[in-house]
1. How large is ³J(HN,Hα) for each residue in the range 41-49, as worked out from phi by the Karplus curve 6.51 cos²θ - 1.76 cosθ + 1.60 (θ = phi - 60°), to whole Hz, x for Gly and Pro?
2. Could you tell me how far the Cα centroid of the range 319-356 sits from the Cα centroid of the range 13-82, in Å?
3. In nm, what is the difference between 0.36 nm times the number of residues separating Asp296 and His150 and their Cα-Cα distance?
4. Report, ordered by chain and residue number, the aspartates and glutamates lying within cross-link reach of Lys144, taken as a straight Cα distance under 16 Å and ignoring same-chain residues fewer than 8 apart.
5. Please state the charge dipole magnitude for the chain, taken about the Cα centre, from unit charges on C-beta atoms (+1 on K and R, -1 on D and E), reported in debye and rounded to the nearest 20.
6. Just to check I understand the Karplus step: with θ = phi - 60° and J = 6.51 cos²θ - 1.76 cosθ + 1.60, what whole-Hz values come out for the range 305-312, glycine and proline as x?
7. Show me the chymotrypsin sites (Phe, Trp or Tyr not before Pro) within the range 192-259 that DSSP assigns to loop and that have at most 10 other Cβ atoms within 10 Å of their Cβ.
8. With axes computed from alpha carbons, what is the tilt in degrees of helix 85-94 against the longest principal axis of the chain, rounded to the nearest 10 within 0 to 90?
Amino acid sequence: MRITFITNLYPCKYKPFKGTFVRNVLEGFNKNGCDVKLIALREGRTGYIYKLFRYSFFFLRSFWFAMKAGKNDILYIHYTSHSSIGVIFASWLKGYRYLNIVSNVHGSDILPEKKNIFSKFKIIVSKKIINLSSVVVSPSNYFKDILVSHYKVPKDKIVVSPSGGVDSGVFHSQIDSVKRYTFGYVGRIEKNKGIDDLIEAFQLVKDLNYNYSLLIVGSGSYVSELREIVNSMVGVTFIEGMSQNELVDVYNTISFLVFPSKLRESLGLIPIEAMMCGTPVLSSRIGATHDYIVSDMCEYSFEPGSIEGLKASLLKAAGASKDEYECLSQLASKIAKKYESDRVIKELYMQLKCRLGSRNV
């Protein structure tokens, strides 16, 4: 079995938290006996000229590999809108019938956050590579429905697999941990992820109870504004960016993770990572969160963009009794087990083996 991963996001020493799930799938396939290779965008100096050069080299490498690929080579593309151009050009010259492509589609590939020319171009690229693919991997059932209804992808062409799952060997409950923060936020520091709503709602509940605290971990375009806001508030701690191993400590030192996203989330691995550590999640009712925010945890969810709804959720969570919290924690752990990485990756491997078996997968 020969699989080459083609991706614009992969962890490196400069950005250890970028594309960790792509690495998890690659390493998981290798563990299952696959001959895996990697063509990834190389990190380097910032600036548009350097970024253009790095992407050009990335596309050239993927194009050249696709041109040389044999009938038993599988090209596994992560982030179709950013990683497919080299393979698409190769398909025009070589013929798509001679390429064995698996496309793993993620949120902004087909649901761009902005409406501009670049977003339209991303959709065109994603549509093209999806049409060329033997298998399309969707991170959730919610996203599968969008692929079928909006992009007319045949249901039998789609495999649902939650982005490599969550490694229980890394993310687990630490018995001796102390819950130093009432609430926590982990993720991109962007307004459309609801971080501004969380800050506003937290200030409202903070006025009611001085002892409440909030830990924010992440990076993004809203960092500068966030720092100014946090510096004027009491009870808020901000840390910019962390690796997976460091995030385990974060999940174990917060009582509740808050996931206030206003985006149509294709999955949301961060809430599942927290739940794997036994930390309940307060989530907006959006996208694929309906797959794992279930049962009693639904009572703590809220409408995206609703400050009052988020405030009520924070107060309800902070007022939970010890027994209520323990039930929520056990529920979180139980749900997260369905997303354990070894299980998820093995199931994906078996699906590909079944679907592409005629090509010696």
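Computed from the coordinates by the stated procedures, all read-outs in this text should not be read as laboratory data. Nothing here was measured: the structure is a model prediction, and the numbers come from that model. Virtual Cβ from ideal backbone geometry, glycine too; neighbours counted across all protein chains shown.
1. Couplings: 5, 7, 7, x, 5, 7, x, 4, 5 Hz.
2. The range 13-82 and the range 319-356 have Cα centres separated by 27 Å.
3. Gain on stretching Asp296 to His150: 49.3 nm.
4. Filter leaves Asp109, Asp156, Glu265, Asp291.
5. That gives the chain a dipole magnitude of about 2200 debye.
6. Result, rounded to whole Hz: x, 8, 5, 5, x, 5, 4, 4.
7. Tyr210
8. It works out to around 20 degrees.
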